[in-house]
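Here, each number is a calculation from the coordinates, and none is a lab measurement. This one's a predicted model, so the numbers in the text were calculated from it and none came from an experiment. Glycine also receives a Cβ, built like all others from the backbone with ideal geometry; neighbour counts cover every protein chain displayed.
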Amino acid sequence: MARPAKRMTMEQYLRSNTHRKEDGQNAALVGMTTAAFKKTPQAKSIDRQMVSLMNRTSTKGRRH
């Protein structure tokens, strides 16, 4: 029996290379430094949405 995919936590996402790339790209889009962008409420919201999206799409075999 296959084990279900593990859910990604916010801590895992914040340490990932994907997060670093996306922060850099988003900061460049709005004309801010990455460090300044990370402190904004929008950046935190994007991070929460990404973790939620990854957890919803990582369950390939399950259909509800």
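Local charge for Thr40 was computed over the other residues whose Cβ lies under 12 Å away, with Lys and Arg +1 and Asp and Glu -1, and equals +1.
Net length available on complete extension from Gln25 to Thr57 is 9.3 nm, with 0.36 nm assigned per residue and the Cα-Cα distance removed. Computed extension length for Ser16-Lys44: 8.6 nm, one decimal, from 0.36 nm per residue of separation with the Cα-Cα distance subtracted.
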